[in-house]
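Read the structure below first, then the notes.
The values are calculated or read from the model by the stated rules, or taken from the named source; none is laboratory data. All values derive from a computational prediction rather than experimental measurement. Neighbour counts are summed over all protein chains in view; Cβ atoms, including those assigned to glycine, are modelled from backbone coordinates with ideal geometry. Each accessible area value is taken on the protein alone, full model and side chains, heavy atoms only, with ligands, DNA and RNA left out. Shrake-Rupley method; radii C 1.70, N 1.55, O 1.52, S 1.80 Å.
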Amino acid sequence: MIDYSSFTKLSYGLYIIASEYNGQKAGYAGNTGFQVTAQPETIAVSCNKDNYTTEFIQKSRKFSLSVLQKDLDVAIVGDFGFKSGRDIDKFKHYDYKTGELGIPIVTESCVAAFECKVVNEVDCGTHILFIGEVVSAEKLSDNEALTYNYYHEHYKMRSPKNAPTYIPPEKLGENKEEKGDVETKEKLETTGAPVSDYVCIICGYTYDPEVGEPSMGIPPGTPFEDLPEDFLCPICSASKEYFREV
Ligand code: FE
């Protein structure tokens with residue numbers, strides 16, 4: 001038997017993985033990056049075959065891996081993790097530099113960065129595991145690195161469906177309606193007013209009226225209905241119509 005909740009106990013960081021081919025850049029946010037060997041220094045990343053970046057790595061045989069810091073503007077995770085380079089230029093709004101291999105290395109909100117040339121790749125079905133030899137490595141700051149757990153709990157975000165670690169909610173035995181009912185009931189009891197959380201169906205971000213969204217100037221105690229009509233999900237920029245009451 002497989003208890004899917006056990007997978008949520010695996011720990012990771014969160015990274016921006018990038019590449020370039022034929023003068024075009026591609027990058028995405030992912031959690032499956034890790035050091036494989038010390039001598040030579042190698043790092044592996046597991047990339048979904050549907051990711052735009054994956055074909056860039058396959059063709060160029062190069063990738064960079066930047067380690068995100070704990071305190072960040074989550075928009076960078078939204079842009080790199082929940083949008084496709086087929087639709088937007090992800091590098092337009094974030095600081096990056098060009099590395100020794102001529103590929104982009106994202107530096108914004110990152111504490112360290114590595115540049116690798118692919119020495120091996122393993123077809124894992126939905127994903128390709130690229131193993132890269134490190135050709136350059138740089139510590140960018142002494143800030144604390146972001147962990148995947150902190151990202152889920154503090155920023156209240158889910159894994160995108162393309163992540164190797166994605167677990168469908170039903171496999172975790174989550175019954176959203178029941179959970180929502182309980183939470184709403186608790187809030188009714190404490191505040192005396194019906195307040196509901198709203199979840200973004202694109203990225204899983206939850207708008208909690210009790211908390212508001214201080215990063216966007218929305219004060220605590222603002223019901224979802226009172227958000228401006230041009231409100232956008234702070235993670236993936238989805239408009240209000242993509243939110244569902246829970
Ligand atoms: Fe969203």
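An ellipsoid equivalent to region 1-97, defined through the eigenvalues of its Cα gyration tensor, has semi-axes of 23, 18, 15 Å when rounded to whole angstrom and sorted largest first. Counting only protein chain heavy atoms and rolling a 1.4 Å probe, the accessible areas of 115, 229 rank, largest first, as 229, 115.
Distance from the C-alpha centroid of region 23-87 to that of region 122-168: 8 Å, rounded to the whole angstrom. List the relative contact order of the chain as a percent without decimals, with contacts defined as Cα pairs under 8 Å and 6+ residues apart. Over the chain, the number comes to 19 percent.
Surface listing: 86, 244 arranged by accessible area from highest to lowest gives 86, 244, probe 1.4 Å.
Largest GNM mean-square fluctuation among 95, 50, 230, using the chain with Cα springs under 10 Å: 230.
Skip the ligands, DNA and RNA, and give the accessible area per residue of the chain with a 1.4 Å probe, whole Å².
Heavy-atom SASA per residue in the chain reads 53 Å².
Split the accessible area of region 1-45 by element, probe 1.4 Å, and carbon with sulfur accounts for 53%. Here the Gaussian network model covers the chain, with springs between Cα atoms less than 10 Å apart; of 58, 39, 24, 39 fluctuates the most. Each of residue 8 and residue 131 was given a label point 7 Å from its Cα along the Cα-to-Cβ line. The distance between the two points is 3.3 nm.
Here residue 9 is the anchor, and the aspartates and glutamates within straight C-alpha reach of less than 14 Å, apart from those fewer than 8 places off in the same chain, are 153. Per residue, the chain reaches -5000 deg cm²/dmol at 222 nm when only DSSP H runs of four or more residues are counted, each adding -39500 (n - 2.57). All Cα-Cα distances of the chain, cut into 5 Å bins from zero to the largest, leave 1, 6, 13, 16, 18, 15, 12, 8, 6, 3, 2, 1, 0 percent in each bin in turn.
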